[in-house]
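Engineer: Please see the structure below; I have some questions.
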Amino acid sequence: MAQKVLDSLKAHHPAAIEHTESQHGDEIAWVKRDHLLAVATWLKTDPTMRFDAPVFCTCIDRLDWRPLGVPLSQAWTEDKPRFEVCYQLRSVTHRYRIRLKIAVLESDPSVPSLAGLWPAFNWQERETFDMYGIRFDGHPDLRRIYLYDEFVGYPLRKDYPKEKRQPLVRRDDLPMNPIKVAREHKPEHK
Amino acid sequence: MGVEITTTRLEDAAKWAKSTMVERTSNWGRKFSLFTYPFVTACCGMEFMSVAGPKYDIARFGAEVPRFSPRQSDLLMVVGTVTEKQGPAVKRVYDQMAEPKWVIAFGVCASTGGFYQNYHTMPGVDQVIPVDVYIPGCPPRPEQVLDALILLMDRVQSGRGHSQLRAKREQLIAAGQDEG
């Protein structure tokens, strides 16, 4: 249904759209990073679009992802973008939905912030920054939202160790939990 | 000075035998008037409400009064998942409670971290505060909670709570009678 949104987007911003695709009824537009703000402003203000409802902003880490048949060594290299930042938008007026995706390199994980256009993206972008370390340029208050400031690293990146905890407080003089003693003394399964 | 607070049951029995009439009487009073501080963080709170409600009725054991001030409570119930970010908060709540005080870890999340094994969940609240009774279950049945409460009452009566043992040990050290 929102195919005409993609067509209109391509007609108005031919330089900004890398390519478009449609998955399971969701229209996806891959936007070049430098043109994101212009495209988003147009989507919000153009009377034929009026994307007035921001739905979510998140990120996908493509560290281990690879198409079938591609060996792991070639799955991800420096020149291929590791992160995909997603913005899902909705137009209540015209009943359109569209997803904007921005490919981001690991060496420069930054994206222009859309929190100025849709204030609801403020905390969403903070969460994306908190979990993936994507820097949103122009964000009014970019700091961690869920985790504490002492936390090092970005836990939803796929190279973050799965069980690595960063405790704020620990006590060594406490009695041991017998369950955990038994668990720790269990021989390793090799 | 590191005060040893882990004991075996035999040591406890010896201490119980040596406890005075005053201690026994005050412990008897304490065990039937446990004022609960419900540190409820997650879904186990529903089960806690069911235990506290009229059907299972924790009031039968004298622990029905929830006090939302740590100063007025002597039983800290850590109900639900505790995250690393909450660690300082739960420790502070425990430190603010007046002695003697007891802790129940309610559910597997508070006991061991449960099925969480990741960056944000504390693997059991006993990383931060001493826990007297662990209740397994996800969430525990009300009968388990009542069983744990009876177990705790037994501990309170015999002076085997962690804070009671520590206080007693400190008394012994101060009196120069500590044999170990």
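The values are calculated or read from the model by the stated rules, or taken from the named source; none is laboratory data. From a predicted model like this one, the values you see are computed outputs, not experimental measurements. Glycine gets a Cβ as well: all are built from the backbone with ideal geometry, and neighbour counts include every protein chain shown.
Engineer: Please go through region A:1-22 and pick out each residue that is in contact (Cβ under 8 Å) with a residue 24 or more places away in the chain and closer than 15 Å to residue A:101 by Cβ. Full working, then the answer.
Structural biologist: To start, the set of residues in region A:1-22 that are in contact (Cβ under 8 Å) with a residue 24 or more places away in the chain comprises A:1-3, A:5-6, A:8-9, A:12-13, A:18.
Of everything in region A:1-22, those that are in contact (Cβ under 8 Å) with a residue 24 or more places away in the chain and closer than 15 Å to residue A:101 by Cβ turn out to be A:2, A:5, A:6, A:9, A:13, A:18.
Matching residues to (1) out of contact with any Phe, Trp or Tyr (no Cβ under 8 Å at 6 or more places or on another chain); (2) at pLDDT below 90:
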| position | (1), (2) |
| --- | --- |
| A:155 | no, no |
| A:165 | no, yes |
| A:177 | no, yes |
| A:190 | yes, yes |
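Engineer: Now for a different question. Within region A:23-59, which residues are among the polar types (S, T, N, Q), touching a residue at least 24 places away in the same chain (Cβ under 8 Å) and assigned to a strand (DSSP E or B)? Show your work before the answer.
Structural biologist: First, the residues of region A:23-59 that are among the polar types (S, T, N, Q): A:23, A:41, A:45, A:48, A:58.
Okay, now just the ones that are also touching a residue at least 24 places away in the same chain (Cβ under 8 Å), so A:41, A:48, A:58.
Matches in region A:23-59: A:58 only.
To keep it simple, each residue is scored yes or no on (1) at pLDDT below 90; (2) surrounded by 11 or more Cβ atoms within 10 Å (Cβ to Cβ); (3) under 24 Å from residue A:156 (Cα atoms).
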position: A:25; (1), (2), (3): yes, no, no
position: A:35; (1), (2), (3): no, yes, no
position: A:74; (1), (2), (3): yes, no, yes
position: A:88; (1), (2), (3): no, yes, yes
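Engineer: Would you mind finding the one in B:67, B:141, B:71 that is at pLDDT below 90, over 22 Å from residue A:163 (Cβ atoms), surrounded by fewer than 21 Cβ atoms within 10 Å (Cβ to Cβ) and not aromatic (Phe, Trp, Tyr)?
Structural biologist: Exactly one of B:67, B:141, B:71 is at pLDDT below 90, over 22 Å from residue A:163 (Cβ atoms), surrounded by fewer than 21 Cβ atoms within 10 Å (Cβ to Cβ) and not aromatic (Phe, Trp, Tyr), namely B:67.
Engineer: Is it fair to say residue B:103 is buried (at least 20 other Cβ atoms within 10 Å of the Cβ), more than 9 Å from every other protein chain (Cβ to nearest Cβ), under 30 Å from residue A:130 (Cα atoms) and within 12 Å of the chain's Cα centre (by Cα)?
Structural biologist: Details: buried (at least 20 other Cβ atoms within 10 Å of the Cβ): yes; more than 9 Å from every other protein chain (Cβ to nearest Cβ): yes; under 30 Å from residue A:130 (Cα atoms): no; within 12 Å of the chain's Cα centre (by Cα): yes.
Criteria not met by residue B:103.
Engineer: What's the total number of residues in region B:28-59 that are over 16 Å from the mean Cα position of the chain (by Cα), aliphatic (A, V, I, L, M), more than 13 Å from residue B:110 (Cβ to Cβ) and surrounded by 16 or more Cβ atoms within 10 Å (Cβ to Cβ)? I'd like the intermediate steps shown before the answer.
Structural biologist: Going through region B:28-59, the residues over 16 Å from the mean Cα position of the chain (by Cα) turn out to be B:28-29, B:41-47, B:49-57, B:59.
Still in the list and also aliphatic (A, V, I, L, M): B:42, B:46, B:49, B:51-52, B:59.
Imposing the further condition that a residue be more than 13 Å from residue B:110 (Cβ to Cβ) reduces the set to B:46, B:49, B:51-52, B:59.
The next check asks that each one be surrounded by 16 or more Cβ atoms within 10 Å (Cβ to Cβ); those that pass are B:51-52.
Matching residues across region B:28-59 total 2.
Engineer: Do we have any residue at all in region B:119-126 that's over 22 Å from residue B:163 (Cα atoms), surrounded by fewer than 22 Cβ atoms within 10 Å (Cβ to Cβ), modelled with pLDDT of 90 or more and of a type in the set (S, T, N, Q)?
Structural biologist: Yes, region B:119-126 contains at least one residue that is over 22 Å from residue B:163 (Cα atoms), surrounded by fewer than 22 Cβ atoms within 10 Å (Cβ to Cβ), modelled with pLDDT of 90 or more and of a type in the set (S, T, N, Q).
Engineer: Restricting the search to region B:106-152, which residues are touching a Ser or Thr at 6+ places or on another chain (Cβ under 8 Å) and closer than 21 Å to residue B:60 by Cα?
Structural biologist: Residues satisfying the conditions are B:134, B:135, B:142.
Engineer: Taking residue B:128, is it among the β-branched types (Val, Ile, Thr), facing chain A (nearest Cβ under 9 Å) and touching a Gly at 6+ places or on another chain (Cβ under 7 Å)? So that I can check it myself, show each step before the final result.
Structural biologist: Working: among the β-branched types (Val, Ile, Thr): yes; facing chain A (nearest Cβ under 9 Å): yes; touching a Gly at 6+ places or on another chain (Cβ under 7 Å): yes.
Judged against the criteria, residue B:128 is a match.
Engineer: For region B:81-91, does any single residue satisfy the condition of being more than 13 Å from every other protein chain (Cβ to nearest Cβ) and either of a type in the set (Lys, Arg) or more than 11 Å from the chain's Cα centre (by Cα) (or both)? Don't jump to the end; show me each part of the working.
Structural biologist: Initially, region B:81-91 is screened for residues more than 13 Å from every other protein chain (Cβ to nearest Cβ), giving B:81.
Filter once more, so that each one left must be either of a type in the set (Lys, Arg) or more than 11 Å from the chain's Cα centre (by Cα) (or both): B:81.
Yes, region B:81-91 contains a residue that is more than 13 Å from every other protein chain (Cβ to nearest Cβ) and either of a type in the set (Lys, Arg) or more than 11 Å from the chain's Cα centre (by Cα) (or both).
Engineer: Only one of these conditions is not met by residue A:100: (1) modelled with pLDDT of 90 or more; (2) part of a helix (DSSP H, G or I). Which number is it?
Structural biologist: Every listed condition holds for residue A:100 apart from (2).
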